[in-house]
Amino acid sequence: MSLPNHFELLATDGNARTGKLTTPHGAVRTPAFMPVGTAGAMKGVHWRDVREAGTDIVLGNTYHLMLRPGAERIAALGGLQRFTGWNGPMLTDSGGFQVMSLSDLRKVSENAVTFRSHIDGTRVELSPERSIEVQLLLGADIAMQMDECVRLPAEHADIERAMQLSLRWGERSRRAFEKAPPGHMLFGIAQGGDLPDLRRQSARGIVDTGFHGYAIGGLAVGEPQAVMLAMIEEVAPMLPTDRPRYLMGVGTPEDLLEAVRRGIDMFDCVMPTRNGRHGVAFTRFGPINIRNSRHIDDPRPLDEESGWPPARSYSRAYLNHLVRSGETLGAMLLSEINIAYYQSLMAGIRGAIATRTFEDLYQRTKDGWARGDIPPR
């Protein structure tokens, strides 16, 4: 049974696509990068700055929010948008990846995954039905099916078992989502690790089940970039052209550029804020480790041509001082600068696809990263 389509494909250039995804909380321009507000907050960055940087949609984390402050509490307070003050489109993940990565004591069965909370050790059961219930309580514009993600490298049997379980959990997630309010969406997830045959089998399965959109999961979990891109090339052509395609948990600016070139529409990653907290800025020159001693006496801004004021107004010497001194302001500034860079990159990509100049932008961007930042004489 097909589901209503909320995605409009506006233009293509090769495999690259640009479009508009309509949600109950507003439109999302694609390709889109979703900054990650894990526990209902963007680490070190105000929602106002996230929006002003050009962000249309953000990601909230089901696992963390269901444990604290609790999905029922958030629902009673008006939903995640009202609770946080974001007031824009929001996607929530299913919680499955965090269960696998954060919970040492866990058990996966056909029915559900049981685990111990990393907060207080409480035993929790998360089934596909409960995952969807939590996401609906949070008020997510886009919910994700429950799946099992296997870290790579892994044995063929383990990858196949998790892929088949994810297909069955996808069908249960789809049935549980039937009670969702109109306009809200559910995305299916293709698994299969680094094995092309399993990736294709998973893609066929989720398309047969039918979702509002389709995600590629289980990548950027230890495999080389070349493997990740090869798996995208296997899966993306099998997904409906009139539905959004989401590459989960990815990644670096280069990952985004390469994935868009292969037909991906949506991304999320903690990298802009996580790297910012560790003193790394993303720029058109590539990543810059502002903690490096060569910046101590450098009066230049990070990028005098940046559209984000802090990137062109604060000197590298000052940012270096903030980071080395452990001042919170340094992490805050670099995090918002990184989010702004990611959104600027996506805006440029959308414009280039619309004018069929994506390959030119692709090459210019790659050339800029390859040249790097030229230090002062």
Notebook entry, point to check: So what are the radius of gyration and Dmax for the Cα set of the stretch 129-268, in Å?
Noted result: 14.2, 41
Check: Given only helices, namely DSSP H runs of n ≥ 4 each adding -39500 (n - 2.57), what is the per-residue ellipticity at 222 nm of the chain, to the nearest 500 deg cm²/dmol?
Finding: -12500 deg cm²/dmol
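When only DSSP loop residues count, what GluC sites (Glu not before Pro) in the stretch 155-218 have their Cβ near at most 14 other Cβ atoms within 10 Å?
Answer in residue order: 155.
Treating the beta-carbon of each Lys and Arg as +1 and of each Asp and Glu as -1, no other charges, what is the dipole magnitude of the chain about its Cα centre, to the nearest 20 debye? Present the calculation step by step, with values, prior to reporting the outcome.
On the way: 43 positive and 44 negative charges, 124 e Å.
In debye, rounded to 20, the chain gives about 600.
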Margin query: Based only on Cα atoms, what mean projected area does the convex hull of the stretch 127-178 have, in nm²?
Written below: 3.8 nm²
Notebook entry, point to check: Hey, fewest Cβ within 10 Å first, where do 12, 55 land in order?
Noted result: 12, 55
Next item on the list: Can you find, among 325, 220, 343, the residue farthest towards the positive end of the dipole of the chain? Put +1 on the C-beta of Lys and Arg, -1 on that of Asp and Glu.
Entry: 325
Next item on the list: Quick one, can you get me the convex hull of the C-alpha atoms of the stretch 16-108 expressed as volume per residue in Å³?
Entry: 131 Å³
Next item on the list: Taking the Cα centre of the stretch 276-371 as origin, sum charge times position over the Cβ atoms of Lys and Arg (+1) and Asp and Glu (-1), and report the length of that vector in debye to the nearest 20.
Entry: 160 debye
Note to self: Can you tell me what share of the DSSP beta bridges in the chain is antiparallel? A percent to the nearest 5 is fine.
What the structure shows: 50 percent
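Write down the Å³ per residue value for the convex hull defined by the alpha carbon atoms of the stretch 276-371.
With only Cα atoms used, the stretch 276-371 gives 83 Å³ per residue.
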Check: Magnitude of the Cβ-charge dipole of the stretch 162-265, K/R +1 and D/E -1, about the Cα centre, nearest 20 debye?
Finding: 500 debye
Margin query: Going Cα to Cα from residue 179, which lysines come in below 29 Å? Please leave out same-chain ones fewer than 8 positions away.
Written below: 20, 107
Next item on the list: Consider the candidate values (1) 52, 43, 33; (2) 68, 41, 37; (3) 63, 48, 41; state which one is Cα extents along the principal axes in Å computed from the structure displayed.
Entry: (3)
Next item on the list: Using the charge dipole of the chain (Lys, Arg: +1 at Cβ; Asp, Glu: -1 at Cβ; taken about the Cα centre), state which of 198, 37, 18 has its Cα farthest towards the positive end.
Entry: 37
Notebook entry, point to check: In the neighborhood of residue 93, defined by Cβ-to-Cβ distances under 12 Å, what is the net charge if each Lys or Arg adds +1 and each Asp or Glu adds -1?
Noted result: -2
Check: Relative contact order, percent, of the stretch 276-371 when contacts are C-alpha pairs under 8 Å separated by at least 6 residues?
Finding: 33 percent
Check: Considering every Cα-Cα pair within the stretch 54-209, what fraction, in whole percent, is farther apart than 21 Å?
Finding: 45 percent
Margin query: Largest first and in whole Å, what are the equivalent-ellipsoid semi-axes of the stretch 50-89 based on the Cα gyration tensor, each being the root of 5 times an eigenvalue?
Written below: 21, 11, 6
Next item on the list: Place +1 on the Cβ of every Lys and Arg and -1 on the Cβ of every Asp and Glu in the chain, take the dipole about the Cα centre, and give the residue among 124, 314, 353 whose Cα lies farthest towards its positive end.
Entry: 314
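Within the stretch 237-340, list the GluC sites (Glu not before Pro) lying in a DSSP loop whose Cβ has at most 15 other Cβ atoms in a 10 Å radius.
Of the GluC sites (Glu not before Pro), the ones in loops of the stretch 237-340 whose Cβ has at most 15 other Cβ atoms within 10 Å are 304, 305, 327.
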Item checked: the stretch 328-377-the stretch 187-260 distance, computed between alpha-carbon centres (Å) -> 24 Å
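Determine the relative contact order of the chain: mean sequence separation of Cα pairs under 8 Å and six or more apart, normalised by residue count, in whole percent. It would help to have the intermediate numbers written out before the result.
On the way: 750 pairs, mean separation 67.0, N = 377.
In percent, rounded to a whole number, it is 18.
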Checklist line | the chain: angle of helix 358-371 to the longest principal axis, Cα-based, in degrees nearest 10 | finding: 60 degrees
Next item on the list: Could you tell me which GluC sites (Glu not before Pro) in the stretch 110-151 are loop residues by DSSP with no more than 14 other beta carbons within 10 angstrom of their beta carbon?
Entry: 110
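We did not get these values from a lab; they are worked out from the coordinates using the rules stated. What you see is a predicted model; the values in this text were computed from it and never measured. All Cβ positions, even for glycine, are placed from backbone atoms using ideal geometry, and neighbour counts span all protein chains on display.
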